[in-house]
Amino acid sequence: MKNRIYAWARDYTQDYSLVMGMSFTEWFKIWWSRVDFINKVLFVLSAISPLIIITSLKKIKLQLIVFFIISYICFLLWLQAPDFRFSFGFILFLGLLSLLLIAQRFKTKYQLKSNSIVIFTIILLLSLHVQAYPYYRAFFYNNLYSRLYKPVDISAIKFKKSVRFKKKTYITPNNKEQVIYGFYAEAPCYDQFPCSPELDDFRMRGDDLKDGFLPAD
């Protein structure tokens, strides 16, 4: 089960045995291509945070250094299964700490009155890149109207995307039926419940989903 979790976090579109057989550089390229811009920024800031900390040791209290070490160890362990939901708190702390220390350097170098000016400017630029730039490209290269978010009936979206669901009926220990949905790589079943990426590797432990599961016989 641990390997399935690791593989899902790295690349959920392929069989877990194939993903676990990949080298770090192989699966990292696939994973990185799917990470959105903001999370990429946080990841880079977290990854280089030891360099920033080392050059700012005189300005940091001992308690913060201890918390930083714990957070960075968690960050390194998280790389085994790099889904941002699994360790976002530590990544956010490392990213913001790095951003604050960088802001302090700008404050000293350019004699600014507050770190908040630097941080606000950085966040504003990132926000403009994430929110405004796609619409700028849409205006010049595509139909802007087609890029706007409009309310659409869910059945129309399913029809447009040709969403296909797998479905399997399990028999509980007390001979009750429990339907669990599965999905193809191109069409996750997030709007179907319960949903599982695998359907053939487990069986019901009890009559309810809350009872958990056992390995398939």
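Bear in mind these aren't lab numbers, they're just calculated from the coordinates by the rules spelled out. This is a predicted model, so every value here is computed, not measured. Using ideal geometry, Cβ is built from the backbone for each residue, glycine included, and neighbour counts are taken over all protein chains shown.
Which distance in nm do the two modelled labels at residue 207 and residue 105 give, with both placed 7 Å along the Cα-to-Cβ direction?
It is 6.4 nm.
FRET efficiency for residue 69 and residue 22, Cβ-Cβ distance as r, R0 = 25 Å, nearest 0.05?
0.25
Could you work out how much longer the chain between residue 80 and residue 61 gets when fully extended? Use 0.36 nm per residue separation minus the Cα distance between them, nm to one decimal.
Working: separation 19, 0.36 × 19 = 6.84 nm, distance 3.01 nm.
Going from the current span to full extension adds 3.8 nm.
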